[in-house]
Amino acid sequence: MTTRQHGRTAGMLIAGLLALCACQEGNGNMPNVRRIEMTRTMPLDTNADAPVCKVVLDVAEISDGTESAKRMNRTIMQHAFGISSGLMEAAADSFCASRFSRYKEHLLPLYEADKRHDVNSAWYDYRYDVAATYELGRGHTLCYEITVTRYEGGARDVTEYHCLNFDLSTGELVTLNDLYQPSYPGVLLPLLMKELQEQFDCNDLEALHRKGILRLTGLYIPGNYRLEEEGITFVYTPDEIAPYETGTIRLTIPYGALAPLEKEPN
């Protein structure tokens with residue numbers, strides 16, 4: 001290979017690398033993340049076999065140190081712990097402390113009374129799990145999902161989701177109203193219904209009803225959705241539109257189906 005050919009090949013490689021970097025920059029880069037993991041337990045009284053309240057936390061803090069990262073962390077803390085100021089680790093500590101305080105305040109008098117009647121103490125074992133997952137979404141977006149599962153006695157636990165879609169440049173939440181014209185619900189709802197029917201192998205609303213789906217409510221656009229790479233995934237928690245046993249329902253609508261309603265970028 002001649003010197004000129006070497007130069008031409010090197011130039012093509014550099015051009016290709018620059019194009020790849022530009023493409024990656026356009027899709028956004030994963031921010032630096034620090035996981036905060038914490039497991040705490042609190043017995044209801046001093047007996048060795050006393051019921052306990054257990055808190056298990058596994059969340060992700062955006063650790064870039066930028067203003068956008070701080071803004072994202074405040075939003076994450078608010079949804080995960082109900083606290084929107086200070087450091088995330090301190091917010092996690094405060095979450096544990098508040099659950100333990102409420103646990104003893106509300107249950108200890110009942111438990112002391114029930115001990116005299118051989119009541120099953122397992123009903124007094126409480127548990128709170130807060131976990132987070134995250135991935136890059138469409139464009140310069142971070143999809144951050146918080147799952148909060150709590151058991152506070154009774155027959156089953158309760159699960160809730162908080163799907164947060166962050167603009168990585170600003171740290172602000174991105175909403176459907178930011179992306180689409182005000183008329184988008186009229187187009188989106190039929191698409192969700194079609195996807196729901198296909199997922200459960202149903203031809204119409206009556207068939208969904210026979211499976212217990214949408215028997216107590218009409219279909220609506222949920223507050224939880226993920227702006228993923230290929231489409232928007234809408235998340236319905238157990239008991240929202242179907243029986244608890246059905247579990248979480250996720251319906252994905254491709255971006256192309258809503259393309260005519262997209263707002264012009266600012």
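For this structure, a couple of remarks:
- Using θ = phi - 60° and Karplus 6.51 cos²θ - 1.76 cosθ + 1.60, couplings along the stretch 203-213 (whole Hz; Gly, Pro as x): 9, 7, 5, 4, 5, 5, 4, 5, 9, x, 8
- Modelled this way, with points 7 Å down the Cα-to-C-beta line, the labels at residue 181 and residue 150 are 4.2 nm from one another.
- Inter-label distance, residue 206 to residue 160: 3.8 nm, where each label sits 7 Å from its Cα along the C-beta direction.
- Per residue, the chain reaches -11500 deg cm²/dmol at 222 nm when only DSSP H runs of four or more residues are counted, each adding -39500 (n - 2.57).
- Accessible area (Å², per residue) of the stretch 25-120, counting only protein heavy atoms and a probe of 1.4 Å: 56 Å²
- Compared with the rule-of-thumb size 2.2 N^0.38 Å for a compact globular protein, the chain has a Cα radius of gyration ratio of 1.32.
- Expressed to the nearest 5 percent, the antiparallel share of DSSP beta bridges inside the chain is 90 percent.
- Inter-site label distance for residue 114 and residue 252 at 7 Å from Cα along Cβ, in nm: 4.3 nm
- Percentage of interatomic Cα-Cα distances in the stretch 63-136 larger than 21 Å: 45 percent
- Helix axis angle, 88-114 relative to the chain longest principal axis, alpha carbon, degrees: 20 degrees
- Principal-axis tilt of helix 184-199 within the chain, Cα atoms, nearest 10 degrees: 70 degrees
- Relative to the dominant Cα principal axis of the chain, helix 3-27 is inclined by about 40°.
- The accessible surface of the chain, taken with every protein chain in place and a 1.4 Å probe, is 52 percent carbon and sulfur.
- Whichever lysines have a C-alpha closer than 29 Å to that of residue 104, once near sequence neighbours (fewer than 8 apart) are set aside: 54, 115
The values are calculated or read from the model by the stated rules, or taken from the named source; none is laboratory data. In this text the structure is predicted, and so the values were computed from the model without any measurement. Note that each Cβ is placed from the backbone with ideal geometry, even for glycine, and that neighbours are counted across all protein chains shown. Side chains included, ligands, DNA and RNA excluded: accessible areas come from the protein's heavy atoms. Shrake-Rupley method; radii C 1.70, N 1.55, O 1.52, S 1.80 Å.
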